[in-house]
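Some notes on the structure that comes next.
Rule-based calculations on the coordinates, nothing more; no lab input. The shown structure was predicted, so the numbers you read here are calculated from the model rather than taken from an experiment. All Cβ positions, glycine included, derive from the backbone under ideal geometry; neighbour counts span all protein chains shown.
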Amino acid sequence: METQKFNYDNTIVRAFLYATIAFGLVGFLLGLTAALMLFYPELPEFLFGTDDTTIKSLASGNIQGLINTQGALGFGRIRMLHTSAVIFAFVCNSFFCGAYYSMQRLLKTRMYSDTLSWIHFWTWQIMIVSVVITFLMGINTSKEYAEHEWPIDILITVSWVVFGINMFGTI
């Protein structure tokens, strides 16, 4: 009896793995920053000064206007970025990495479509970048752990549908 050789698509697995590692580090650093801001509330003022005139202070190199409680780097936005980085960027990327790795080996076949795999990967990463941009701009909803706006929700849905088509096509 001959041993069968199987050809798996490991490039998509590696792409999700690298994204998992990168966003895991980002989520950790954002969590550390949020914890430091909770433990030492005066830390941003100590590091960056107390000037609140954002435009003038940015021109002179002082970023305090961005770090106050309403600023782009205030605690409220850092917390949202941290939870989204951990949930959507780290956990979901690691789930997709594991799904693409294990599904191919359990079924002993490649994924249904390599193109759909890459569309899924890039729509998910674009969604993560969109979340970061909108949060820093102050565009978000008030739902805990689902603060992103509806266009990003549509992108999440499209990404999951593409993943589902690829998964069920493989099965």
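Where a ≥ b ≥ c are the square roots of the eigenvalues of the C-alpha gyration tensor, would you call segment 98-171 rounded, which needs a/c under 1.5, or, failing that, prolate if a/b is larger than b/c, or oblate? Since a/c reaches 1.5 and a/b is larger than b/c, the shape of segment 98-171 is classed as prolate. Each label was represented as a point 7 Å from its Cα along the Cα-to-Cβ direction; for F28 and L106 these points are 2.9 nm apart.
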